Structure formats: structure tokens, C-alpha cells
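The values are calculated or read from the model by the stated rules, or taken from the named source; none is laboratory data. Note that the structure is predicted; figures quoted are calculated from it, not measured. Please note: Cβ atoms are built from the backbone with ideal geometry, for glycine as well, and neighbour counts cover all protein chains shown. Surface areas here come from the heavy atoms of the whole protein model, side chains and all, with no ligands, DNA or RNA. Shrake-Rupley method; radii C 1.70, N 1.55, O 1.52, S 1.80 Å.
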Amino acid sequence: MMLQDQVAIVTGGSRGIGRAIVAELAAQGARVYFTYHSREEAAVETAASTGATAIRCEQGDAAAISQAVDGVMAQAGRIDILVNNAGVRSDKFIMMMPEEDWQKVIDVNLSGAWRWAKAVCRPMLGAGRGTIVNVSSVAGLLGIPGQTNYAASKGGLMALTRALAAEFGAKGIRVNAVVPGFVETDMTAALPRDIKRRNLDNLVLKRFGKPEEVASVVAFLASPAASYIVGQSIVVDGGLSAAAGM
């Protein structure tokens, strides 16, 4: 129970990697709140199976995010952990990508994480402690054709992680990132078959990851066991980036 009595917020926690993170943090003793946007049925199911509390909140609404943080503080009295997991994809080659698709992905994946970090930093700074874990993607390391918006958002998230770590580290707030590769989720299920096959061939472990394998790393980084890890992006990709020579 590494996170006993800790209070955590997980964005985008209703399904996939987010649901696994919610479940893992709760299993480690944390009191967990998670956000969702439109998948209410999935959110209800996640809340019922984990004991966590669901909050409907849009990544692009700074006022709603601040209200959500205030609500958690009113109920729990503290916020120890923020996991920026919420993300979307809208894949197209750049010559066919409308600017709206670029703006949406950047706003949800990168600007949304910035909004949440800004909202939780006040209570964390007031307490002199806290940890933020940003869920990036190997797309931000490798660059994948047809994912200029997604890769840029996830690469930016790693840069945001380093900047926040430098800004908050001396004040007792640790910031790190987890960088998953291809994980078995609804999002990766929608990838074209040839892309999945090509990347499976490039994996050292010759299999896609499971959401729980990412969630366990998030829980570790959020725990006291990682107390001397700051500003790092931990790659969890089954050897994809190693095979690429990175």
C-alpha cells in the first residue's frame, strides 16, 4: 500500500490506460478521483469497480478544471497526486489534416495537461509536497507518419515535464512522465493493421503492452519509492525505441 491515504486525480480515467491507473492507485491505498468527458457508462463502471469518484470535466475548460480541483479539496482536504492521462488522436497525413484536428489534439493532450498542472500547483505548493505524472507516448520520441499532431503533443508533454520539474522540484513537488509504446487499448485497436504489424515486428518483446504494465510504473513514480526521481521520462514500450536505436 505505497499510496495509503494519498489523494489522487487521474484525467481521462474511464477506460484503457486511465482505468488501469485508477485501479492501481486505488489498490495501493489512494483515494482516487478521475475525470471523463463523454463516456459516462464507462466512467460509472470504472467508479463501481475501483471505488474511485468520477468527475465530468473537459480538458479545454480551465474554469471547470479549477472547479474540479476545488471540489476535491473540499471533499478530501488535499491533493497529493495528479496523473495527466487524458488524450485524443486524430491521425491524418499533414497534407490532409485540417487545422482543427491539429488544434484539438494539442489542446487536449498538451494544453489540457498544462491547465491541470496549473490548477493543482496551488494546493500542492501550499502543502509543500505533491507529485505529477504525465502520460506521454513513444510517438513523441520516434515520430510516426500520420501523427504530426499527436507526436507533437506528446513530445511537448515530455518537455513540459522537464520544465515543471525544474520549476517545482525545490518546492517539494516531483514531476515525471511515463512514455508508453503500443498498448492494448481502444485507441491502438483503431490503428491500421499494417502499422500495428510493422511495429509489432519492431518490438523486442514481440507483443503489445497491457494497460496494467503502464499503470504500475505510474504508481511507482507517484510513490515515496521514487522520491529521488525528478524530471524523467520513463519509457515503457517493450523495446520499440531500443530497436529503433534510441
Sort out which residues of region 193-246 are farther than 30 Å from T131 by Cα, assigned to a helix (DSSP H, G or I) and in contact (Cβ under 8 Å) with a residue 24 or more places away in the chain, and write them in order of number. I195, N199, N202, A243
Restricting to region 6-44, what's the tally of residues that are open to solvent by 60 Å² or more (accessible area, probe 1.4 Å) and either in contact with a His (Cβ under 9 Å, 6 or more places away or on another chain) or farther than 19 Å from D70 by Cα (or both)? 8
What helices (runs of 4 or more DSSP H) lie completely within region 122-192 and have 1 or more residues being under 13 Å from the mean Cα position of the chain (by Cα) and touching a residue at least 40 places away in the same chain (Cβ under 8 Å)? 148-168
Residues to consider are A163, A226, A189, A219; find the one that is surrounded by fewer than 15 Cβ atoms within 10 Å (Cβ to Cβ) and either in contact with a helix residue (DSSP H, G or I) (Cβ under 7 Å, 6 or more places away or on another chain) or over 18 Å from W114 (Cα atoms) (or both). A189
Complete set of residues in region 141-176 that are within 20 Å of Q103 (Cα to Cα) and among the polar types (S, T, N, Q): Q147, T148, N149, S153
Are any of the residues in region 47-62 touching a residue at least 60 places away in the same chain (Cβ under 8 Å) and out of contact with any Gly (no Cβ under 6 Å at 6 or more places or on another chain)? no
Do any residues in region 87-101 that are in contact (Cβ under 8 Å) with a residue 60 or more places away in the chain and open to solvent by less than 40 Å² (accessible area, probe 1.4 Å) have Cβ atoms under 7 Å from those of residues that are in a helix (DSSP H, G or I) and charged (D, E, K, R), where the two are at least six apart or on different chains, and which pairs are they? S90/D101; S90/K104
So A152 fits all but one of (1) open to solvent by less than 30 Å² (accessible area, probe 1.4 Å); (2) closer than 29 Å to L205 by Cβ; (3) among the hydrophobic types (A, V, I, L, M, F, W, C); what number is the exception? (1)
Those residues that are modelled with pLDDT of 75 or more, open to solvent by less than 100 Å² (accessible area, probe 1.4 Å) and within 15 Å of P145 (Cβ to Cβ), I need them from region 192-212; list them, please. D194, N202
Region 108-149: number of residues that are closer than 18 Å to A165 by Cβ and open to solvent by less than 10 Å² (accessible area, probe 1.4 Å): 11
